[in-house]
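Bear in mind these aren't lab numbers, they're just calculated from the coordinates by the rules spelled out. Bear in mind that the values here come from a model prediction, so they are computed numbers and not experimental data. Because the Cβ atoms are built from the backbone with ideal geometry, glycine has one as well, and the counts that use them run over all protein chains shown.
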Amino acid sequence: MKKQICKYRYLLCLIMFMILTGITTAFGQSEKFSESIYPVGKLKPIDTVPKLKVGDRAPGFTLPAVSGSKISLSQYVGKNSVVISFVPAAWTPVCSDQWPGYNISKELFDKYDAILLGITVDNIPTLYSWTKQMCSPNEKIWFPVLSDFYPHGAVASKYGVLRSEGVSERALFVINKKGIIVYIDIHDINKRPFLEDLVKALEEANKQ
């Protein structure tokens, strides 16, 4: 019991540290980056009907990554839990806040033997430029950033999160090592998902 309490205290302290200091760190490196963010305005919170549910097998996919390689979901099944983070578009406010937050949270993903796959419908040159400026000069995004550009939004559509305007929902899917979806958060597109909820989902995935 004491061990469990200590673990939750550790996670709470880490999350609070990231909330209090992380976003400042993420954005402090470049005023130019902040000035390049497109002011989207308020959007319809959710615009899709779910296709998948917890307990379903995660649909497979292969997408090009900013790194130049191709990444398949199948290469992680059996080895890692996988978090898929769909975000609507590069160079927009909440997306440019959410992923830098995950970038400084690598320790949490490592703790639960999890890999994060970031997916948008943007093309590779756009994602390259965006992620390059997202971090300070001596840092880089630790997780694969994937382009669902062509066929446009095909993977987002498979997961039931392609909106009518052609971008994805802001959505998180947690997949356990058996390839089964254990957590889904189709979030309000105007808001950043709660890191605490993701941590709990990763903990559950790690038990399975």
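Add +1 for every Lys or Arg and -1 for every Asp or Glu among the other residues with Cβ under 14 Å from the Cβ of Ile180, and state the total.
+3
What distance in nm lies between label points placed 7 Å from Cα along the C-beta direction at Glu139 and Asp47?
It is 3.0 nm.
Net charge within 13 Å of Asn80 by Cβ-Cβ distance, Lys/Arg positive one each and Asp/Glu negative one each, not counting Asn80 itself?
Residues near Asn80 contribute +2 overall.
Rank-order 83-89, 71-77 by packing density, defined as the average count of other C-beta atoms within 10 Å over each peptide's residues, highest first.
So the peptides 83-89, 71-77, ranked by packing, come out 83-89, 71-77.
For segment 66-85 and segment 108-171, what is the centre-to-centre distance using only Cα atoms, to the nearest Å?
Cα centres, segment 66-85 to segment 108-171: 12 Å.
Which of the peptides 196-203, 50-57 is most tightly packed, and how do the rest follow, going by the mean number of other Cβ atoms within 10 Å of each residue?
Put in order of decreasing packing, that is 196-203, 50-57.
Zone of Asn206 (label point 7 Å along Cα→Cβ, backbone N under 15 Å): which residues in segment 60-86?
Within reach of a label on Asn206, which here means backbone N under 15 Å from a point 7 Å along Cα→Cβ, segment 60-86 contributes 80-83.
Report the trypsin sites (Lys or Arg not before Pro) located in segment 107-181 that are in a DSSP loop and have at most 13 other Cβ atoms inside 10 Å of their Cβ, or state none.
Lys140, Lys178
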